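S.K.: Below you'll find the structure I mean.
Please treat every number below as a calculation from the coordinates, not as lab data. In this text, all values refer to a predicted model and were calculated from it rather than measured experimentally. FYI the Cβ positions are ideal-geometry reconstructions off the backbone, even for glycines, and counts take in every protein chain you see.
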Amino acid sequence: MIILMQPDATPFQVDNVLAFVQSKGWQTCVTRSSGQTVIGLQGNGQPLDPFYIGQMPGVADTMEVTERYKLASRAFRPTSTTFTVRGVTVGGNGLTIIAGPCSVESRAQLLETAHAVREAGAHMLRGGAFKPRTSPYSFQGLGEKGLELLAEARAATGLPIVTEVMSPHKVALVAIYADVLQIGARNMQNFDLLNAVGEAQRPVLLKRGPSATVEDLLMAAEYILAHGNDRIMLCERGIRTFDNRFTRNSFDVNAIPVLKQLTHLPVIADPSHATGVRRYVQPVALAAIAAGADGLLVEVHPHPEQALSDGDQSLTPEEFARLVAAVRQMAAAVERSVG
Ligand code: PEP
Ligand code: MN
């Protein structure tokens, strides 16, 4: 059961409810969501009468959420979550386009890309300063220097910054610079990291792990939500399947309408990592929008052949501008807009 307290419930009223349900053998998890205290009950306590609890002072409502993910479920919040990042709205009818290089490589590379993607219509700038690489010998990112360059690019273009944080110990550092903390696919079930970004109270872009189920993704989001941080974008970025010979991953287009059904959180699609191949990025991006995605994450590099990571899937600025134009047409077809 979940107990929703009234927005003006006093600490005394909250404690009173907690004491009552705990006396019935339940463990409790208290979070705040949209200004309301939410009490989640866990374990195997004695049966409770929802009518009795609903009458307790300060209680607004009770609900049974049968899914394992509670705060992420549509049952808990039927209306879609929207939030703003430096004035950019995420969720709702408008699509959010996030673009930039896989890795921040240099001042010139980042600023050129930032200006180009803004011109083409991107709403946020992405770029990795700390890179999760399969090989320890590959470029690992510029670290804090990369974060400084991202902040400079934000100052120059006004675009909010999305960048990855790989370790719980780095959350405080990355949060000094980033507007959105990205959790990479390989870290989707790094529970210490999920707790740390939950506590940071900063918007999060949470990528689906390459072999994570949709429910695994929602349970990962639940970790962040349990800290009262509900500014989360879920990101479908392709999964490992039996046939990844011609593409890096398989884009799970099913996951988009399924997630939109199961959760109130906005869903972003990443056709770059899903395909790993430049020529397939636009068709998969359009499929994602047609399926109901709330936005895109696209890798763009001024000279993809020189990129230090993910050059094969990076679009040139010109290709990205064409993609945005095509996305506008698809958005109109599904009665969405691109601001
Ligand atoms: C990235 O966004 O550059 C990245 C490393 O993505 P993923 O975690 O999805 O592989
Ligand atoms: Mn990448």
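S.K.: For the chain, what does the helix formula give at 222 nm: sum of -39500 (n - 2.57) over DSSP H segments with n ≥ 4, over the residue count, nearest 500 deg cm²/dmol?
M.R.: Value at 222 nm, helices only, nearest 500: -10500 deg cm²/dmol.
S.K.: If I model a spin label at Leu111 and Arg240 as a point 7 Å from the Cα along the Cα→Cβ vector, what separation in nanometres do I get?
M.R.: Placing both labels 7 Å beyond Cα along the Cβ direction yields 4.1 nm.
S.K.: In which sequence would Phe251, Phe12 go, from the one with the fewest C-beta neighbours within 10 Å to the one with the most?
M.R.: Taking fewest neighbouring Cβ atoms as first place, the list is Phe12, Phe251.
S.K.: Continuing with this model, one more query. Which lysines, on any chain, are close to Lys70 with Cα under 27 Å apart, when same-chain ones fewer than 8 places away are left out?
M.R.: Lys24, Lys207, Lys260
S.K.: Pulled fully out, how much extra length does the chain show between Val30 and His169, if you take 0.36 nm times their separation in residues and subtract their Cα-Cα distance?
M.R.: Length gained, Val30 through His169: 47.6 nm.
S.K.: Let me ask another. For the stretch 2-63, list log₁₀ I(q)/I(0) at each q in 0.23 Å⁻¹, using the Debye formula over Cα point scatterers of equal strength and ignoring solvent, two decimals each.
M.R.: Log10 of I(q)/I(0), two decimals: -0.91.
S.K.: Ok, one more. Just to confirm my numbers, what's the Cα centroid distance between the stretch 154-217 and the stretch 267-339 in Å?
M.R.: Here the two parts' Cα centres lie 21 Å apart.
S.K.: Still on this structure: Extending each Cα 7 Å along its Cβ direction at Lys145 and Thr66, get the distance between those two points in nm, one decimal.
M.R.: Placing both labels 7 Å beyond Cα along the Cβ direction yields 5.7 nm.
S.K.: Using the Cα gyration tensor of the stretch 128-254, with a ≥ b ≥ c the square roots of its eigenvalues, what is the shape: rounded (a/c below 1.5), prolate (a/b larger than b/c) or oblate (neither)? Walk me through the numbers before you get to the answer.
M.R.: Working: a/c = 1.77, a/b = 1.24, b/c = 1.42.
Since a/c reaches 1.5 but b/c is at least a/b, the shape of the stretch 128-254 is classed as oblate.
S.K.: For the chain, report the % of Cα-Cα distances exceeding 30 Å.
M.R.: 36 percent
S.K.: Now for a separate question. Would you pull out the residues with amide H under 5 Å of Val300's amide H, same chain only if 5 or more places away, H placed 1.01 Å from N?
M.R.: Correct list: Gly100, Cys102, Leu315.
S.K.: When a footprinting reagent is the concern and you count Cβ atoms within 10 Å, what order do Ser33, Ser337 take, fewest first? Walk me through the numbers before you get to the answer.
M.R.: Values: Ser33 18, Ser337 11.
By the 10 Å Cβ count, ascending, the order reads Ser337, Ser33.
S.K.: Which three lengths, in whole Å and largest first, does the stretch 1-111 cover when its Cα atoms are put on their principal axes?
M.R.: Result for the stretch 1-111: principal-axis Cα extents of 63, 26, 25 Å.
S.K.: Sticking with this structure for a sec: Ordered by residue, what ³J(HN,Hα) values in Hz, to whole numbers, does the stretch 36-48 give under the Karplus form 6.51 cos²θ - 1.76 cosθ + 1.60, where θ = phi - 60° and Gly and Pro are x?
M.R.: Couplings: 10, 7, 10, 10, x, 9, 10, x, 10, x, 6, x, 10 Hz.
S.K.: May I ask for the net charge around Pro7, where only other residues with Cβ less than 13 Å from the Cβ of Pro7 are counted and Lys, Arg are +1 while Asp, Glu are -1? Please list the in-between numbers first.
M.R.: On the way: positive: Arg32; negative: Asp8, Asp61.
Summing Lys and Arg as +1 and Asp and Glu as -1 gives -1.
S.K.: Next up: May I ask for the net charge around Thr81, where only other residues with Cβ less than 12 Å from the Cβ of Thr81 are counted and Lys, Arg are +1 while Asp, Glu are -1?
M.R.: Result for the neighbourhood of Thr81: +2.
S.K.: Apply 1/(1 + (r/R0)^6) to the Cβ-Cβ distance of Ser23 and Glu215, taking R0 = 41 Å, and write down the FRET efficiency to the nearest 0.05.
M.R.: That pair, Ser23 with Glu215, gives E of 0.80.
S.K.: Which whole-number percent is the relative contact order of the stretch 2-63 (Cα, under 8 Å, 6+ apart)?
M.R.: Relative contact order comes out at 48 percent.
S.K.: Sticking with this structure for a sec: Would you mind ranking Met124, Met63 by Cβ crowding within 10 Å, fewest neighbours first?
M.R.: Arranged by neighbour count, lowest to highest, Met124, Met63 become Met63, Met124.
S.K.: Return the loop-located GluC sites (Glu not before Pro) in the stretch 235-339 (DSSP other than H, G, I, E, B) with at most 14 other Cβ atoms within 10 Å of their own Cβ; answer none if there are none.
M.R.: Answer by residue number: Glu335.
S.K.: Helix check for the chain. Which DSSP H runs span at least 30 Å along their own axis by Cα, with a mean Kyte-Doolittle hydropathy no less than 0.0?
M.R.: Values: long enough: none.
Helix filter hits for the chain: none.
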